[in-house]
Every structure is written in structure tokens, then in C-alpha cells.
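FYI, it's all coordinate maths here, none of it is from the lab. Bear in mind that the values here come from a model prediction, so they are computed numbers and not experimental data. All Cβ positions, even for glycine, are placed from backbone atoms using ideal geometry, and neighbour counts span all protein chains on display.
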Amino acid sequence: MQLERLVCNSCGAPLEVPPSANFDTCGHCSSQPQIRRTESTTYTELLTDLVEKTEELSEQIENLAANSELTAIDNDWRIERESLLVRDRHGNSHVPTKGSSTAAGIMITLFGCL
């Protein structure tokens, strides 16, 4: 079987791999390069670099998902808050106060009793 001669990206040691191999382990530094092939060349790429990039992308996706969830919660709260606000006779909305809530409760009770 004919072996391809490559070089480890991590330590520069020679690697000999079969043409069908997609991964190898360096006998000198124990790194695990992935073997990449194009029409004109064969080269190695360290899996640790790929793993680090994948982890970075995963963290970014998690942050985006968390931000999206917070935005949705914030929008839901704005809608609910708007429904809880009290409108005055001029159409302006404001947060109800204890005094106005108590007065409204007393008036409703008096009308209920009458």
C-alpha cells in the first residue's frame, strides 16, 4: 500500500498516511490532524483548531438565543404592561396609584350596594 507523506501542523514531524485516511495521530506530539484533499494537494488541519472554532460559534449561538429570548420576554411585558395601565379622560395612560385604586374600589362598592 502506498502511503502519503505529510507534515504535522503542530510540531512539523513527518506523517505517513494511507490515501483513504481522513484523520491521523502524530506519533511525536499526539495532535490529531485532519487530512484534507483537493484536486492538486493534500494537507493537514488540526482538529483542535476546528474544535475551538466550533465552541466559539456554539457560544455565540447560545448568546444570540438568550438575547432573542430576552427580547421576546421584554416585548411580552410591554404588551402586558400596556394592558394594565389606566387611562384618564384625555386618553393618557399612567400607572395606577394606591389612592386611585382605593377610590375606584370604594365607588364600585357603593354603586353595588345601591
Fill in the blank from the handout: Given the conditions (1) part of a helix (DSSP H, G or I); (2) closer than 24 Å to V7 by Cα; (3) of a type outside the set (F, W, Y); (4) free of Cβ contacts under 8 Å to residues at least 12 places away in the same chain, every one holds for S30 apart from (1)
Exercise for the section: Answer yes or no: is there a residue in the range 39-56 that is in contact with a Phe, Trp or Tyr (Cβ under 8 Å, 6 or more places away or on another chain) and either closer than 24 Å to L6 by Cα or hydrophobic (A, V, I, L, M, F, W, C) (or both). Expected result: yes
Exercise for the section: Return yes when D76 is loosely packed, with under 11 Cβ neighbours inside 10 Å, in contact with a His (Cβ under 9 Å, 6 or more places away or on another chain) and either under 30 Å from S100 (Cα atoms) or not charged (D, E, K, R) (or both) and no when it is not. Expected result: no
Fill in the blank from the handout: Among the residues of the range 13-33, the number that are out of contact with any Ser or Thr (no Cβ under 8 Å at 6 or more places or on another chain) and surrounded by 11 or more Cβ atoms within 10 Å (Cβ to Cβ) is 10
Fill in the blank from the handout: The lone condition E82 fails out of (1) surrounded by 10 or more Cβ atoms within 10 Å (Cβ to Cβ); (2) without any contact (Cβ under 8 Å) to a residue 24 or more places away in the chain is (1)
Problem - In the range 85-105, residue nearest to the chain's Cα centre (by Cα) [restricted to those that are surrounded by fewer than 10 Cβ atoms within 10 Å (Cβ to Cβ) and not small (G, A, S)] - result: V95
Exercise for the section: Considering only the range 76-106, state which residues are touching a strand residue (DSSP E or B) at 6+ places or on another chain (Cβ under 8 Å) and part of a loop (DSSP other than H, G, I, E, B). Expected result: L85, D88, V95, P96
Exercise for the section: State which residue pairs qualify: first residue on the phi < 0 side of the Ramachandran plot and inside the range 90-114, second residue in a helix (DSSP H, G or I) in any location, beta carbons under 9 Å apart, and separation of 6 or more residues or different chains. Expected result: S93/E82; V95/R81; V95/L84; P96/L84; P96/A104
Handout entry: Residue within the range 34-51 that is surrounded by 10 or more Cβ atoms within 10 Å (Cβ to Cβ), free of Cβ contacts under 8 Å to residues at least 24 places away in the same chain and small (G, A, S) present
Key = no
Practice task
Residue by residue through the range 1-18, note down the ones that are in a loop (DSSP other than H, G, I, E, B), closer than 14 Å to T42 by Cα and either hydrophobic (A, V, I, L, M, F, W, C) or within 38 Å of the chain's Cα centre (by Cα) (or both).
Solution key: L3, C8, N9
